[in-house]
Structure formats: C-alpha cells, structure tokens
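Taking it in order: structure first as structure tokens, then the write-up.
Readers should treat all values here as calculations from the given coordinates under stated rules, not as data from a laboratory. Computed from a predicted structure; not experimentally measured. Note that we place each Cβ from the backbone using ideal geometry, even for glycine, and neighbour counts take in every protein chain shown.
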Amino acid sequence: MTTETLLIELGTEELPPKSLKTLATAFFDNIKTQLDSNDLTYSDIKWFATPRRLAVQVIDLVGKQQDKTVEKRGPAVNVAFDAEGNASKAAQGWARSNGITVEQAERLTTDKGEWLLHRATVTGKAIAELIPDMVTTALSKLPIAKPMRWGAERTQFIRPVHTLTMMFGSEVIAGEALGVTSANQLQGHRFHHEGLVTLNHANEYQAELLKAYVEVDFAERQKKIVAQIEQVAKDINAVALIDEDLLDEVTALVEWPVTLVGTFDEDFLNVPAEPLIYSMKDHQKYFPVNDKNGQLLNKFIFVSNIESKDPSAVIFGNEKVIRPRLADAEFFFKTDKKQSLESRLTSLESVLFQKQLGTLKAKSERIAELSQFIAEQLNENADDAYRAGLLSKTDLMSEMVLEFPQVQGTMGKYYALHDGENVNIAQALEDQYRPRFAGDSLPEANIGCAVAISDKIDTLVGIFGINQAPKGDKDPFALRRAAIGSIRIIIEKQLDLDLSELINKSIELFGDKLVNENTANDVLDFIMGRFRAFYQEQGISVDVIQAVLAKKPSAPLDFEKRIKAVTFFGELPEAATLAAANKRVGNILAKFDGQLTAFNSDLATEQAEKDLANVYQAIKLEVAPLMAVKDYQAALSELAQLKAPIDTFFDNVMVMSDDEAIKINRLTLLNEIRNSFFAIADISVLQ
Amino acid sequence: MTTYNSKTFQGLILQLQDYWSRQGCVIVQPLDLEVGAGTFHPMTFLRSIGPEPISSAYVQPCRRPTDGRYGENPNRLQHYYQFQVMLKPSPKNIQELYLNSLKELGIDPLVHDIRFVEDNWESPTLGAWGLGWEIWLNGMEITQFTYFQQVGGLECTPVTGEITYGLERLAMYIQNVDSIYDLVWTDGPLGTVYYRDIFHQNEVEQSTYNFEHADVDALFKQFDQCEIDSQKLIEANLPLPAYEQVMKASHAFNLLDARHAISVTERQRYILRVRTLSKAVAEAYYAKREELGFPMCNNNTSSTNTETKGDK
C-alpha cells in the first residue's frame with residue numbers, strides 16, 4: 001500500500017513556556033494512540049513545538065485502513081428455524097440488520113452447537129476521513145490548566161488559535177478544529193517572515209519553516225541554544241550555569257534563537273552570588289556565568305528571538321533592565337547588614353507561622369529547643385544548635401529575602417557571618433531548608449542536620465496537632481516533603497535518632513497549642529507512609545517494605561537495617577517456605593481464641609514436634625545476642641535454618657489435636673517461632 | 001496621520017492616541033477619581049461586561065500609595081500614567097495591532113527583541129481575571145496584554161482584549177534615560193520641560209501624605225461609608241454611582257495599606273469586602289444594560305475596519 005507523510009500543525013498565539021513541552025508531548029501521545037487503535041501503520045512519528053505552534057508529523061503512514069472481515073454470530077440454528085424449516089422472526093431480524101437474507105447466512109459449527117453466521121467486510125476508512133476527528137479528540141484531551149476564550153467565539157483553548165494545517169503528502173485534509181479551517185498555510189517567524197508560509201508537501205514542513213526563521217524541532221532548537229551558549233561562554237573565557245528548567249523555558253520562548261552576552265557593573269559582585277543569580281535567572285531568564293574558579297562574573301548570557309540588525313541595541317536594552325534589579329539587591333544587602341539577625345527576633349513576633357500555632361518567634365524558640373535536644377543525642381555542640389535554631393528564621397525579615405524568597409537561609413548564612421556568629425551556626429542557617437527537592441543535597445554538618453530536622457518535625461507535629469493533615473493533592477505546608485526530608489537526613493547521614501522521641505519532645509514544646517490527642521501516632525504513621533515511597537524509589541520491593549512497616553520501627557537507622565535484612569532474607573532459598581509457614585501459623589492463631597501457655601517439652605508427642613522444638617531452642621540461644629546488637633540479618637540467617645524442621649512438622653503433625661493441652665502446647669511453640677521472626681519483620685507478607 | 005515627537009512624554013501619548021483613534025477606538029479622557037490602574041476606569045471595567053461591543057483608548061493617571069518613594073527612587077512613583085486600550089470583542093489581529101503601535105513609536109521589531117511572555121492577570125478586588133502576556137522589549141516589560149475571562153465575577157462574552165502601556169517605562173526606554181525624573185515632557189518653542197518639573201514635588205509631598213499624614217481613623221470611616229453608600233445605590237438601581245463608591249473605598253483601602261493600618265489577616269477581609277461590592281455593581285450594571293436592550297449591540301458596525309493596518 002502506498003504511504004505518505006502526515007502533518008498536523010496548530011498555529012497559535014504565544015503559548016505558556018513552562019508547559020509547552022508537556023502540551024506538545026500530550027498532543028503527540030493523543031494522536032499516536034488514535035493512529036494505533038485505528039490500525040494505521042507508519043514508520044516514524046515526531047512532535048514539534050515552538051511558542052506559536054504544536055505539531056505532529058507521521059512518516060510513511062498508510063493511506064487508508066485495511067479492509068477487515070468481521071464475523072457476526074446470529075441465533076443458534078436449532079432455534080432459528082421451526083419444524084417446517086421456516087426462519088424465526090429473530091433469525092429474520094438478525095439477517096435484515098446485517099443486510100442479508102437468512103438463506104445467505106453461513107453456519108458456524110463448534111463443539112457447543114451450530115449458529116447462523118455472517119462474514120461482513122468492513123471497508124477501511126481513508127486517512128482524510130479519519131484525521132479531523134482524531135485531531136479534535138487529541139486537542140480536547142490536552143492538559144490545559146486554564147483554558148481561555150477570545151473574541152466573540154465560544155471556542156476554548158490555551159491561547160487563541162490562528163492556523164490549522166492537516167496535510168497528507170501534498171493534499172490538504174479538509175476539516176476544522178477550534179474554529180479554524182485546515183489549509184496549507186503556516187505562521188512563519190513573527191518578525192523575520194512576512195505573511196504566511198505556503199506548504200506544498202507535508203515532508204517539507206521542517207525545511208520550509210527553517211526558511212521562515214523557525215526552528216520547529218524543540219530538541220534541535222535546544223541543542224542549538226546549548227551550543228550557542230557554550231560558544232559565547234568560551235569566547236568570554238567563562239563557564240555558563242545552565243539550569244535544565246530554565247533551558248526548557250528559554251527553548252519554549254524562541255523560534256529563532258540568537259544568543260548574546262551582556263555585562264553589568266563589576267561592583268555588584270560585592271553582593272553574594274545567590275541573589276544576583278536569582279535576579280538574572282528568575283525574572284529575566286538569563287544564564288549567569290562563572291570564571292574557571294567557580295566565581296561569578298559580571299556577565300550574563302541571554303537568548304533573543306531575532307537576528308537583530310543591531311545586536312548592540314538588544315544587548316544595551318537587556319543591560320539596562322538588569323541594572324536596577326542588581327542595584328536593588330545591592331541596596332538590600334547594604335541595608336540588611338546594618339541590623340543584626342539577633343535584633344530581628346523581635347520582628348518575628350509580628351509574623352504568624354500559623355494562626356493556631358503562633359508566631360515565627362515562637363516557632364524559632366521551639367526549633368532552638370528541639371535542635372539542642374537533637375545535638376545532645378548526637379554529642380554535638382548543643383549551644384551552637386540552640387543558637388542556630390533561634391536565629392533560623394530571622395533572615396526572613398531582611399529586605400533581601402522579602403524581595404527574593406528563594407535565597408532564604410543562604411542570606412541568613414551571610415548575615416550571620418557578618419554579625420560574627422561562628423561558622424557552624426552560619427552554615428546551619430543555610431542548611432536548614434535542605435533537602436529542598438528530590439535529589440537535593442543534605443546539610444553538611446550535624447548542627448545543620450539538627451536544625452533542618454527540627455524545623456521539619458516542628459511543622460509536621462504542629463499541623464497534625466491542629467488536625468490539618470494533608471488531604472489528597474492538598475499539602476499546603478509541604479508535609480510530605482518535610483517527612484521525606486527528615487528520613488533522608490537521618491538515614492543518609494547515619495544519625496542515631498528515634499522519630500518517636502523527637503515527636504514527643506516536639507509535642508511537649510508546643511505546650512497546650514495542640515488539639516489532636518493522637519498527634520504522636522498520626523505523625524509517626526504519616527512518616528511511615530513516606531518510608532514506603534522512599535524505599536520504593538530505591539527499588540526495594542513492596543512486600544519487603546510492607547514486612548518492615550508492620551513493625552513501625554521509629555528509628556530510621558533501625559528501619560534501614562531491617563529493610564536490608566529482609567531483602568537479604570528474601571533471596572535465601574528458605575524464604576518462600578518460611579514466609580508461607582509464618583502465614584499459615586498466623587492464620588491458625590487468628591482462629592484460636594484460647595490461652596497460650598509456656599512450651600512444655602513433655603507434652604510434645606510427635607518426633608517432628610520434638611525436633612522442631614529442639615532446633616528452635618538452639619537457634620533461639622544464637623539469635624538472642626544478635627538481636628541485642630540489632631544484627632537482624634544474622635538473626636534471620638539463623639532463623640532460616642528452621643525451614644526443614646518446620647516442613648517436617650507440618651507434614652507429620654496435626655496441630656489441632658483433640659487433646660486440648662497438646663494442641664495448646666503446639667500452638668505455643670508455633671507462636672514463639674513466629675514471634676522470633678516478627679521481632680524483626682512480618683515475613684509472612686513476603687511473596 | 002500626524003507624526004508626533006514620541007521622544008517626548010507628551011508626544012508619546014499623542015502618538016498612541018492618534019494611532020488607536022485611527023483603529024476606531026473611542027478616545028476618552030481620564031477618570032476623575034483616584035484609581036490604582038486603567039482597568040478601573042468604567043470604560044474598561046463596566047464596558048467589558050455584557051454583549052455590547054466597544055473599543056476605547058485613554059490615558060489614566062494611577063495612584064499606588066505604597067509605591068511612593070518621596071521622589072528619591074528613579075524607578076518608582078506613587079502617581080504615574082498608563083495608556084489603556086480596550087477592544088471588545090478582541091479582534092483576531094489584536095497582537096498585530098499592538099505591534100504596529102510600537103512601530104509607529106519608532107521601535108523597529110527587526111532591531112529590538114520583542115516578546116510575548118506568559119503573564120496571567122488577576123484583580124481580587126474587581127473579581128476579575130484574564131490570560132495573556134507581558135510584552136518584553138529587549139527584556140524590559142513595557143506592556144500588559146490580557147484577554148479578560150471574568151470581570152466582576154461575570155463571564156466575559158464576548159472577550160475584551162486589554163492592552164496597558166506603562167508610559168513612563170516606555171518613555172524611559174525611548175528617551176534612553178535611567179531616571180523617570182529625567183524624562184523630557186515636552187521640548188517646544190518655549191523650551192524643554194522635564195518630568196521632574198511637573199511631578200517631583202508632587203511625589204515628595206504625596207508620599208509624605210500617604211505614609212505620614214493620611215488620617216487612619218477618617219479613612220476607616222470613609223471606607224465604611226463608601227461601602228454603605230455603594231450598597232444603597234445598588235438597591236436604588238444606580239450601578240454607575242455605586243461603582244464610584246467602590247473605587248473610593250478601594251483607594252481608602254490603598255491608603256490604609258500605605259499607613260500599615262491593616263494587618264495581614266484583616267487585609268484579606270478588606271479585599272473581600274471590595275470584591276463583594278464590585279460583583280454587586282457588575283450584576284446591577286449588566287441588568288441595567290439588559291433592561292435598556294443592550295443598545296450598543298444595535299449600532300451599525302463601523303465603516304472603518306480594525307483589521308487594516310492603519311492608514312499610512
């Protein structure tokens with residue numbers, strides 16, 4: 001069958017850059033799904049996106065669906081005809097609905113009987129007939145956060161739509177979407193190309209747009225941008241700081257990237273790098289540059305959307321924009337330094353952390369106490385931890401952080417050093433917010449860990465304490481992140497801390513502010529839930545996590561040890577049988593409502609029973625000292641030896657003996673064995 | 001068309017006014033009340049409600065008391081100007097119309113990097129929101145561009161396209177000065193007059209008033225009175241005077257804000273009170289126009305076509 005290239009392009013006004021890639025790939029997925037479900041074959045399919053278009057191109061697409069034979073079964077032959085051989089009403093109706101007579105029907109015979117059968121040929125539809133509906137469906141399923149209307153139309157989309165191009169080879173597919181009729185006319189570059197671009201063949205899409213100053217391939221455009229940035233950086237002997245998200249955003253803001261470099265006054269470099277970088281990146285979408293030693297330079301790289309007749313005018317303009325912003329940062333830095341962080345504690349009294357939980361001042365004091373408590377357990381300088389906790393929120397009152405919230409903590413560090421606080425305290429101020437996102441670095445020193453954990457636990461306990469636990473997607477206090485951050489710090493930094501103790505201490509610090517009586521349990525359960533996500537992400541299987549969660553180990557390092565031990569155990573050849581045996585024992589015990597006693601070897605009647613008891617007694621002696629040092633892995637290795645005697649026991653011994661005493665004795669033995677496993681994890685859930 | 005010297009502040013205004021007049025806009029004069037933005041002008045706020053088509057352009061002085069800097073900051077003012085254009089329904093070529101206005105100001109889009117960067121607008125006090133962009137000229141925001149979706153809590157059908165030029169910013173760019181006060185207001189036969197000459201003393205004195213002298217108790221009373229009056233006027237089916245009371249309440253609120261007289265939690269409550277009034281006005285205005293049979297729907301659509309690129 002002949003194949004051709006299909007092109008679908010929607011030309012729009014400037015789309016939101018942060019969601020462009022998501023929109024383009026969703027459009028692509030929606031088209032692809034429909035092609036596949038309609039049995040339309042092709043050799044390749046690609047997506048394109050610029051600020052003013054979303055497109056999909058399909059290579060070597062078949063011109064129409066294959067004709068298909070469909071078998072339609074009718075009534076059974078024995079009811080389709082009466083004794084005289086006349087067709088019943090039902091049979092006639094069925095035949096009519098298929099456009100045949102009963103006489104024309106074939107027969108389908110299986111071992112279950114014989115039926116009337118019609119083999120219908122369904123003619124495959126042509127591409128031109130199928131595509132318009134597919135496009136409409138694909139567009140209607142795009143993830144649009146805020147759809148809009150324009151003009152006097154009722155149509156809704158992300159931004160107003162101007163052109164629609166649906167072409168199969170050189171043919172325009174007739175149809176419309178979002179109020180626009182399909183034509184072979186495309187928008188070129190907004191300024192470099194006058195009028196619309198006429199496309200003669202779907203194959204020529206990329207090439208024709210390139211001539212109209214549009215690099216339509218997102219990935220290709222991004223590659224060009226990166227190459228340009230690197231070249232420009234090299235020319236000025238610098239290293240560009242290329243942030244992935246910013247790069248995507250910039251790629252979504254231009255159709256014809258032209259990278260330039262601007263300069264600002266060197267004096268601004270007296271301000272810490274972070275707020276300067278933030279000013280450049282966040283609002284202006286500039287790429288900051290470092291020298292070879294990692295020091296920020298007084299230059300920035302930016303990507304324009306035109307090949308300007310006078311690039312110096314573009315550079316001049318951008319330099320003019322950044323100047324007052326940097327001047328603001330410089331002004332804030334100078335002003336802020338006039339006041340010590342300590343003196344800002346008073347002003348924290350006027351800022352609410354949460355209505356029921358009091359001010360940021362109160363929160364700072366709780367963080368200080370909890371940090372001290374943690375530092376004592378870690379044998380760190382508790383005075384430093386207290387001080388860092390107390391000052392932790394003071395930089396929020398500085399002009400700089402009010403203007404650039406992203407540099408919170410970091411500015412605290414600079415101002416603390418300026419105030420003459422010691423380096424450990426200053427560093428802890430910066431580290432308190434870590435980890436800020438998945439994969440972010442952790443606090444460097446333990447004082448920083450103490451403050452970071454305290455801040456998070458305080459928020460968790462406080463918010464759960466006033467019954468405002470996150471619901472569904474709503475997590476305004478970012479409690480999930482706080483919980484997973486605490487877990488990461490404690491485990492990855494190998495801190496010997498117990499969450500229950502921290503939670504209880506925190507509850508005590510809140511005094512009478514908390515109204516939820518189950519705060520301690522609720523917070524612990526919530527954090528347990530995060531352990532699941534934390535380990536799943538590391539590739540630990542769900543049943544292993546489940547087995548450990550059954551124990552709710554509140555010390556993360558202990559949790560970690562159990563996870564490792566159970567993972568190890570799960571790979572032993574004995575694991576499957578022992579898991580099943582534990583489950584079986586659990587089921588038996590669940591049905592038993594009598595009283596267990598102590599195991600009495602005199603009551604053991606069967607050999608298998610005696611053997612199991614003996615082996616278990618021996619293993620128990622080995623296991624006890626291992627459990628004392630929390631060597632769960634070695635303990636499970638020992639317990640694994642129970643496989644053979646347990647197998648023999650179940651094969652030969654009837655647990656539910658008619659003799660009540662013997663029965664209870666057997667159950668007691670099984671219960672003790674199960675408890676030995678359960679002291680580590682609920683291995684009955686292992687698969 | 002006349003060519004004005006857009007390198008002066010008044011020439012810039014005249015040029016924009018001339019351009020949008022040629023596109024068919026009703027050129028009206030500024031509203032004679034204190035407002036925070038050109039959107040408050042009834043020509044935009046009220047006229048974007050309901051089905052009646054209309055397009056308008058005007059200069060609007062804006063007051064934002066908290067932005068006062070006693071005339072000491074080269075980039076911030078408590079009183080400044082916006083050039084406001086509203087087109088209803090938003091024409092298909094609205095972006096082009098806007099870009100042509102820049103060309104008339106002498107801004108060549110093949111020299112300068114002009115960009116439409118996503119920026120969505122929301123006015124909590126007006127119960128209004130829309131989607132659109134800020135326009136960048138070599139990285140500097142010079143215009144807000146919004147397709148209104150809702151105003152006064154009512155869906156906009158048809159949609160109004162709003163274009164708001166920040167006149168001082170644009171002028172600073174065109175004149176290449178780093179301080180608002182260095183802008184040339186006019187440069188005529190009677191000599192050169194600067195923005196400083198017209199407004200510097202005003203910035204110093206008004207900032208002092210806003211931050212130090214505005215009578216807090218009187219303002220609170222005024223706010224309450226405006227609220228009462230507005231509600232009464234709505235009951236009397238007089239949405240236009242009722243709306244003036246909303247604007248007055250809104251300005252009283254802004255002054256109280258500058259005096260730090262409203263705490264963070266209270267702030268939200270005040271915004272809600274103004275929003276409630278705005279919504280009531282919007283509904284009353286709609287009902288009144290409906291009662292009148294939406295008269296502007298019956299006007300002949302003009303003989304000048306907004307789809308053309310102007311008459312040069």
Percent of all Cα-Cα pairs per 10 Å bin for the stretch B:94-204, counting from 0 up to the last occupied bin, reads 13, 34, 28, 21, 4, 0
Mean projected area, convex hull of alpha-carbon positions in the stretch A:321-463, reported to one decimal in nm², is 9.2
In Å, the C-alpha Rg and Dmax of the stretch A:256-408 are 20.5, 67
Computed over the Cα atoms of the stretch A:218-337, the Rg and Dmax in Å are 14.2, 47
Shape call for the stretch B:11-112, from the Cα gyration tensor axes a ≥ b ≥ c (a/c under 1.5 means rounded, otherwise prolate when a/b beats b/c, else oblate), comes out oblate
With +1 at each Lys and Arg Cβ and -1 at each Asp and Glu Cβ, the charge dipole magnitude of the stretch B:162-312 around its Cα centre, to the nearest 20 debye, comes out at 460
Dipole check, the protein assembly as shown, charges on Cβ (K,R +1; D,E -1), about Cα centroid: among A:V77, A:A640, A:F332 the Cα furthest to the positive pole belongs to A:V77
In Å, the Kirkwood hydrodynamic radius from C-alpha pairs for the stretch A:1-134 sits at 18.5
Log10 I(q)/I(0) at q = 0.24, 0.26, 0.31 Å⁻¹ for the stretch B:182-232, from Debye over equal alpha-carbon scatterers, is -0.87, -0.93, -1.03
The percentage of Cα-Cα pairs in the stretch B:132-270 separated by more than 21 Å is 66
Rounded to the nearest 0.05, FRET efficiency between A:D473 and A:Q356 (Cβ-Cβ, R0 22 Å) equals 0.45
Given Cβ charges of +1 for Lys and Arg and -1 for Asp and Glu, the option among B:F220, B:Y173, B:V151 whose Cα lies farthest towards the positive end of the dipole of chain B is B:V151
Cα extents of the stretch A:501-566 along the principal axes, largest first, in whole Å, come to 41, 18, 16
Taking alpha-carbon centroids only, the stretch A:248-279 lies from the stretch B:103-126 a number of Å equal to 20
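Taking every pair of Cα atoms in the stretch A:353-539, average 1/r, invert it to obtain the Kirkwood radius, and report Rg/Rh to two decimals. Please list the in-between numbers first.
On the way: Rg = 15.6 Å, Rh = 16.5 Å.
Taking Rg over the Kirkwood Rh, I get 0.95.
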Projected convex hull area of the stretch A:68-122, Cα atoms, direction-averaged, in nm², equals 3.8
Rounded to the nearest 500, the 222 nm mean residue ellipticity computed for the protein assembly as shown from DSSP H runs (n ≥ 4, each -39500 (n - 2.57)) alone is -14500 deg cm²/dmol
Simple spin-label estimate for A:D658/B:R269, 7 Å along Cα→Cβ, in nm, reads 8.1
Evaluated at 20 °C and 1.002 mPa s, the Stokes-Einstein D of the stretch A:563-685 based on the Kirkwood radius over Cα pairs, in µm²/s, stands at 146
Cα convex hull volume per residue for the protein assembly as shown, in Å³, equals 287
Expressed in angstrom, Rg and Dmax over the Cα atoms of the stretch A:240-279 are 12.9, 36
What the Cα atoms of the stretch A:133-264 span along the principal axes, largest first and in whole Å, is 54, 35, 25
Semi-axes in Å, largest first, for the stretch B:9-195 (Cα gyration tensor, √(5λ)) are 26, 19, 16
Taking a label point 7 Å from the Cα of A:E403 along Cα-to-Cβ, the residues of the stretch B:155-194 whose backbone nitrogen sits under 18 Å from it are B:178-180
Taking Cα pairs closer than 8 Å and at least 6 residues apart, the relative contact order of the stretch B:9-195 in percent is 20
Answer check: the stretch A:26-96, Cα atoms, Kirkwood Rh, Rg/Rh ratio of 1.42
Kirkwood calc, the stretch B:137-190, C-alpha pairs only, radius in angstrom 13.8
In debye to the nearest 20, the charge dipole size for the protein assembly as shown, taken about the Cα centre with +1 at each Lys and Arg Cβ and -1 at each Asp and Glu Cβ, equals 1500
Subtracting the Cα-Cα distance of A:K630 and A:T22 from 0.36 nm times their residue separation yields 214.1 nm
Computed from every Cα-Cα pair in the stretch B:66-121, P(r) in 10 Å bins starting at 0 and rounded to whole percents is 16, 33, 33, 17, 1
In whole angstrom, the spacing between the Cα centers of the stretch A:353-407 and the stretch A:536-576 equals 35
So A:E606 and A:T2, fully extended at 0.36 nm per residue minus their Cα-Cα distance, gain in nm 209.5 nm
With T = 10 °C, eta = 1.306 mPa s and Kirkwood Rh from C-alpha pairs, the Stokes-Einstein D of the stretch B:214-297 in µm²/s is about 118
Largest fluctuation, B:T125, B:T186, B:T39 only, Gaussian network model of chain B with Cα springs under 10 angstrom, belongs to B:T186
With +1 at each Lys and Arg Cβ and -1 at each Asp and Glu Cβ, the charge dipole magnitude of the stretch A:532-673 around its Cα centre, to the nearest 20 debye, comes out at 580
The distance between the Cα centres of the stretch A:605-646 and the stretch A:13-61, in whole Å, is 61
Here the equivalent ellipsoid of the stretch A:596-639, derived from its Cα gyration tensor, has semi-axes (largest first, whole Å) of 25, 11, 7
Taking every residue of A:318-326, the Cβ atoms of other protein chains inside 10 Å of its Cβ average out to 3
Taking the reciprocal of mean 1/r across every pair of different Cα atoms in the stretch A:453-514, the Kirkwood radius in Å is 12.2
Hydrodynamic calc, chain B: Kirkwood Rh from Cα pairs, then Stokes-Einstein at 4 °C with viscosity 1.567 mPa s, so D in µm² s⁻¹ is 63
Mean separation of Cα contacts under 8 Å (at least 6 apart) over the residue count of the stretch A:68-122, i.e. the relative contact order in percent, is 50
Yeah, the stretch B:49-157 with a ≥ b ≥ c from its alpha-carbon gyration tensor (a/c under 1.5 is rounded, else prolate when a/b outruns b/c, oblate otherwise) is oblate
